[in-house]
Amino acid sequence: MYREVTMIELREVLRLWREHLPKKQIAARLGLDPKTVRRYLRAAEAVGLEPPPTAITDEQLRDLLLPLQPTGGRPRGEGWTRCHEQREKIQGWLNSGLRLTKIRKLLARQNVLIAYPSLYRFAIEELHFGQTAATIPILDGEPGKELQVDTGWVGWLTLPLLPKRRPRRFRAWIFTAVRSRYRFVYPTFEETTMRAIEACEAAWQFFHGIFSILIPDNTKAIIAEPDALTPRVTRAFLEYSQARGFQIDPARVRHPRDKARVERAVPTVRDDCFAGEILATLNDARVHACHWCREEYGERLHSRTQRRPREHFEAEEQSMLLPPPTTAYDIPLWSHPKVARDQLAFVAKAFYSLPTSYKGQILSARADQHIVRFYHRNLLIKTHPRKPPGGRSIDSQDYPLERRVYALRDIQSLQRQAASHGDAVGRFAAALLDNPLPWTRMRRVYALLGLARRYGDARVNQVCALALAAEMFDVPRLKRMLEQATASAPTPSPAGLPAPRFLRPASQYALPLVVHERTSENQQKEILHNDNRSD
């Protein structure tokens, strides 16, 4: 089967033939086989062309080109005929997703034997097997508007190999300007929201401006829930895009044509930028990637635009970008802590107190370098200064008053509470707390306050004054003193009313006993008994 003949190739052969060059020399100049040149000239002589100096018309060239085109090859065999006979079955199986190898087995079970090459060629040429929809080219858009982003594994760090240490692999965020195809590569180990923001900040410095639209891949670092119509962007990256003034237009899931400018960028960066390079640290990889983007890829003629990407970008796009950021972006850390029973939430390895009403709730926390904000259903409820790992930020107003003093070990507040019940109670509490470790005796003061609430301030003050005079600082003995004083000194009843029953003396409840009457009755019974016996 001969290969297809192009009109340009045929014109060159005829032009050199008119110059009376030998056939081998024509073949050498055009890079053709001498047999191919000999076939072209034999066909030209067959249609009546001679090597005069006159030019060849388009009609003569067309008449010559038709017989030189390859034919359909040898005639189709019996296998092709069987494929035509089973066309509907083959088409149905292909639509059901069956493989050609399985279709060949199913046909063989029906005594229809077809060689696999014949079945494959029939499926390709007649049933359009394996052919995808035609790609529709999309316009590049306005200069400085769109920037496409993709990620992928691109290389390894050639660290000195130590025992039980393996080489570390790294990935890269690849930014490609849609209009000029100018590219920026930012190597990193992680694919997180923090690293995505860090890569974008480095890209704005590289391009000396911010693009209006960012078209990312559906990475979890940027897109929380992918959707063709309403994708949900991660909260941290959405806040970052609003702060820098660009929009996010993510591509659809498993639709690489939505960002075709960067789909083939990962193999290029892996093979051309990092392959074979000696890179000890991640910073070395970033420096090398920046040099490759500017001096190598940026100065290479692009096959699509036929311009150098760096020159194209500086000429058309750079002036259309938004101003670059002048200050570093404070990358926040978003988390969803749960308020524990002690009213503390754990954020960035530090503890922060929350009001009692949010105990057991799951909140949203935003931690930057200075402030930690807590949200409940998108409502700001609490702010704390940022603490280092292991630190605590506790607000006393978050706790109830009865628990606040004990939780914060506020000795002064506890002593003021005791003094509010009386001077003697306050001095007794101060004596209890007079210790190198006063918070270890807070329970005793709480027990003293309980006695004041039970027996009254006046009585407790009186007993505390006696205890202080005797230098007795034992709360259980103080309690027994209060109990004994209550039993020996009943509370007087109001004027005109008898005392309550439980406060009356026991003599008031004794029944009157008639001792003489009972004795006479017994004597009479004895007399009657003796009389009966004498009878």
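The values are calculated or read from the model by the stated rules, or taken from the named source; none is laboratory data. Not measured: the values here are computed from a predicted model. Methodologically, a virtual Cβ is constructed for each residue, glycine included, from the backbone with ideal geometry; neighbour enumeration extends over all protein chains shown.
Listing for the model above:
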item: Residue that is of a type in the set (Ser, Thr, Tyr) and at pLDDT 90 or above, where the choices are 219, 230, 234; result: 234
item: Output for the range 328-343, where each listed residue is surrounded by fewer than 19 Cβ atoms within 10 Å (Cβ to Cβ) and under 25 Å from the mean Cα position of the chain (by Cα); result: 328, 329, 330, 331, 333, 334, 335, 336, 338, 340
item: Out of 18, 74, sole residue that is modelled with pLDDT under 85, closer than 26 Å to residue 128 by Cβ and of a type outside the set (Val, Ile, Thr); result: 74
item: Any hit, the range 374-396, residues being in a strand (DSSP E or B), loosely packed, with under 11 Cβ neighbours inside 10 Å and not hydrophobic (A, V, I, L, M, F, W, C); result: yes
item: Cβ-Cβ under 7 Å pairs, at least 6 apart or on other chains, the range 419-436 side at negative phi, far side assigned to a loop (DSSP other than H, G, I, E, B); result: 431/473; 432/473
item: Inter-residue pairs, beta-carbon under 6 Å, first outside the structural domain of residue 422 (by TED's automatic domain parsing) and in the range 448-476, second modelled with pLDDT of 90 or more and surrounded by 14 or more Cβ atoms within 10 Å (Cβ to Cβ), 6+ apart; result: none
item: Selection status of residue 328, assigned to a loop (DSSP other than H, G, I, E, B) and closer than 30 Å to residue 213 by Cα; result: yes
item: Unique match (being in a helix (DSSP H, G or I) and in contact with a Lys or Arg (Cβ under 9 Å, 6 or more places away or on another chain)) among 465, 431, 407, 458; result: 465
item: Some residue of the range 281-300 being in contact with a Gly (Cβ under 9 Å, 6 or more places away or on another chain), modelled with pLDDT of 90 or more, surrounded by 16 or more Cβ atoms within 10 Å (Cβ to Cβ) and under 22 Å from residue 192 (Cβ atoms); result: yes
item: Filter result (assigned to a loop (DSSP other than H, G, I, E, B) and in contact with a Ser or Thr (Cβ under 9 Å, 6 or more places away or on another chain)) within the range 316-325; result: 321
item: Conditions (1) at pLDDT 95 or above; (2) aromatic (Phe, Trp, Tyr); (3) closer than 30 Å to residue 140 by Cβ; number of the one not met by residue 351; result: (3)
